[in-house]
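**Q** Pasting a structure here, questions to come.
The values are calculated or read from the model by the stated rules, or taken from the named source; none is laboratory data. The structure presented is a predicted model; accordingly, all values stated were derived computationally and were not measured. Cβ atoms come from the backbone with ideal geometry, glycine included; neighbour counts cover every protein chain shown. Surface areas here come from the heavy atoms of the whole protein model, side chains and all, with no ligands, DNA or RNA. Shrake-Rupley method; radii C 1.70, N 1.55, O 1.52, S 1.80 Å.
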Amino acid sequence: MDIQVITVELDDELTDVLLKIGEATSAHVWLKIPGSSLLLTSSVNLKLMLKKAHGKQAVLTLITRDSVGRRLAEKVSLSSFATEEEAKDSIDSVTGVTATPIILQKRLSSNKSEKEDVKALPKGILAKLQYLFTGKKKAEEDTIVEEITADSLYTLSLKKPSRKAFLAVFFSSIFVLIIIVFFALPDATIVIRPKMSVVSAVTNVTLGDGKTSIADRYVHRVPIEVTYTKEMTYGASGENVQGVQARGRVRVYNNSSEDRSIVGNSRLQNEEGLVFLTTRFVTISSKSSAEVEVVARERDINGKFIGERGNVSGAKFFFPALNTSSQRLIYAESTTQMSGGSTDRKSIIRSEDLALANESIVKELENLAPEEVQAALKKELGATAGSFAIFAPQDSRFISRDLISATLPENIVGKEQEGFKVIGTMKARAWYYNVDEMADVLEEYMIQHRLTYKEELLSMDRSSYELQNIFPPSQNEVKITAQMQGVITFSKENTLDKVVEEIVSRVVGVDKNAAASYIQNLPEVDTVDIHLFPWWQKTLPAIKGNIKVDVEVRSK
């Protein structure tokens, strides 16, 4: 007889045993379980094992010295023995038949019998009957009757299965399985997110012509040179202005207590600074007024040509030659709009314009140096240019600017024109370096000098990279202080694994809210979520194996 013996370890769980039964290849499986195993404390466990074996058309026998486990096995109709030898001794030579539903009849007399359940049979005979479920010989008749022993009162009768009975048993089994899953096998999933913090790595780094060394905090720099030309247009500051001055009439008011005389070319001024001159002598009686013709002067009080600006209307004028009190008594207002004023302005190039343009083109070329060097870097490196940076382009110590030429037009001083063009050429030289290498230096420094054995680096924020100090260059090298921020969390091996073990030990059978409160207060935990199955469970499972803890690490 082919028997497969499965040995169960003390720490094996129910799922492990069911998997081993499912992988068995023999029709007769002996399950050896240690006496102190938790698997023998529940009849539900034994029912699931027996159901797994029957699903494979296999006969299951329990081998254990645990008296409690054997009593539970007897209750679920699972044959059990203390040792393998005892099991072998109890098995007689039995002819195998095809598996069918069993009806046992106890023969009480020659004309009287009654049905009896399998559990009523003695253990030895029950063990023999279990082996009749599998065999090599198929029954040719509808009913097979075999005597267990010559003098036995027990007769075995095998009949065709009932379809209704089969369906009833099938659906009952499904219902029982659902009840077991939802009530007897609850599970919990705990999702914890460890605390994270942002830490800055600040260290000195050397840039030079040598090979990059992350350990030595040394980064290679590469020279880059570019020659560029700029054309600029400058306007003329001189001007030649000509035109016709506006004319009109104003009414002069004399509110003083005596007559006043206004001589020709007397000045009248409005709030905009425009100046007009009277054209004739006039005497204005006390408390009266008189009209006077006026003409705009060539330039206003600021020296600007008046011309067409003199065509004003409704303007009020005062006599600037009078004192303040007299100005309130004697004043004028225009009665009609001034007219006839016009302006003809032409720009003139001055020598000062050329000198200013020469100075301006040099400054403009110098200011363009960082931009031109960046463009040259992008052109030289193409798609990889984003990983490199020009070193300190605004610092004149690290980007040289040499003026090659500044070409100004000749013989234009005094000419009437709006402006002129200047062309300048400059050469700029700088250094660039690999930003990723600089970040690698800072990351290595973070790992070696900023982390404890309980922590690990989650990520480096390369967008936070910056230079804090730049020391004067020396011997083709320059030292800088670089900084970059990193996100750190607790180490999995040294911290989180131990935290997970502690959590599982402390929350077994604990109320969900109490378990969440305990976990949330752990210094290593940021947030916690607990998911129970089935959903109506209020407490966590009493079996450690049914509690799963997931550590979810999210970068900031």
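**Q** Are there any pairs with C-beta distances below 8 angstrom linking a residue in segment 372-386 that is β-branched (Val, Ile, Thr) to a residue that is surrounded by 14 or more Cβ atoms within 10 Å (Cβ to Cβ) and at pLDDT 90 or above, with the two at least 6 apart or on different chains, and if so which?
**A** Qualifying pairs under 8 Å: VAL373/ILE224; VAL373/VAL226; VAL373/ILE390; VAL373/ILE399; VAL373/ALA428; VAL373/ALA430.
**Q** Moving to a separate point now. Tell me yes or no: at least one residue of segment 345-356 is at pLDDT below 95, part of a helix (DSSP H, G or I) and of a type in the set (D, E, K, R).
**A** Within segment 345-356 (the criterion being at pLDDT below 95, part of a helix (DSSP H, G or I) and of a type in the set (D, E, K, R)), the answer is yes, since at least one residue qualifies.
**Q** Could you list, in sequence order, all residues of segment 76-99 that are open to solvent by 30 Å² or more (accessible area, probe 1.4 Å), under 25 Å from ASN45 (Cα atoms) and either in contact with a Phe, Trp or Tyr (Cβ under 6 Å, 6 or more places away or on another chain) or modelled with pLDDT under 50 (or both)?
**A** ALA99
**Q** Same structure, new question: Being within 16 Å of VAL500 (Cβ to Cβ) and surrounded by fewer than 17 Cβ atoms within 10 Å (Cβ to Cβ) is the filter here; which residues of segment 532-552 pass it?
**A** LYS544, GLY545, LYS548, ASP550, GLU552 - these are the residues of segment 532-552 that are within 16 Å of VAL500 (Cβ to Cβ) and surrounded by fewer than 17 Cβ atoms within 10 Å (Cβ to Cβ).
**Q** Quick one: is LYS363 surrounded by fewer than 16 Cβ atoms within 10 Å (Cβ to Cβ) and assigned to a strand (DSSP E or B)?
**A** No; evaluated as a whole, the condition is false for this residue.
**Q** Please pick out the residue among SER405, SER396 that is open to solvent by 70 Å² or more (accessible area, probe 1.4 Å) and farther than 30 Å from VAL199 by Cα.
**A** SER396
**Q** So which residues in segment 10-58 are within 23 Å of ALA542 (Cβ to Cβ), assigned to a loop (DSSP other than H, G, I, E, B) and either open to solvent by 20 Å² or more (accessible area, probe 1.4 Å) or among the basic types (Lys, Arg) (or both)?
**A** LEU10, ASP11, ASP12, GLU13, PRO34, GLY35, SER36, SER42, listed by residue number.
**Q** To continue, here is another question. For segment 313-328, which positions are closer than 15 Å to ALA296 by Cα and open to solvent by 90 Å² or more (accessible area, probe 1.4 Å)?
**A** Once the filter is applied, which keeps residues that are closer than 15 Å to ALA296 by Cα and open to solvent by 90 Å² or more (accessible area, probe 1.4 Å), segment 313-328 yields only LYS316.
**Q** For the subset of segment 408-442 comprising residues that are part of a strand (DSSP E or B) and more than 46 Å from the chain's Cα centre (by Cα), which member is surrounded by the most Cβ atoms within 10 Å (Cβ to Cβ)?
**A** Once the filter is applied, the top-ranked residue is GLY424.
**Q** Enumerate the pairs (first residue in segment 348-364 and under 19 Å from LYS427 (Cβ atoms); second residue anywhere and open to solvent by 60 Å² or more (accessible area, probe 1.4 Å)) with beta-carbon separation below 6 Å, excluding pairs fewer than 6 apart on the same chain, so at least 6 apart or on different chains.
**A** VAL362/LEU403
**Q** Which fully enclosed strands (runs of 3 or more DSSP E) of segment 185-304 have 3 or more residues being open to solvent by 50 Å² or more (accessible area, probe 1.4 Å) and in contact (Cβ under 8 Å) with a residue 12 or more places away in the chain?
**A** 196-208, 218-235, 238-244, 247-254
**Q** In the list THR527, THR489, which residue meets the criterion of being within 15 Å of PRO194 (Cα to Cα), out of contact with any Ser or Thr (no Cβ under 9 Å at 6 or more places or on another chain) and not in a helix (DSSP H, G or I)?
**A** THR527
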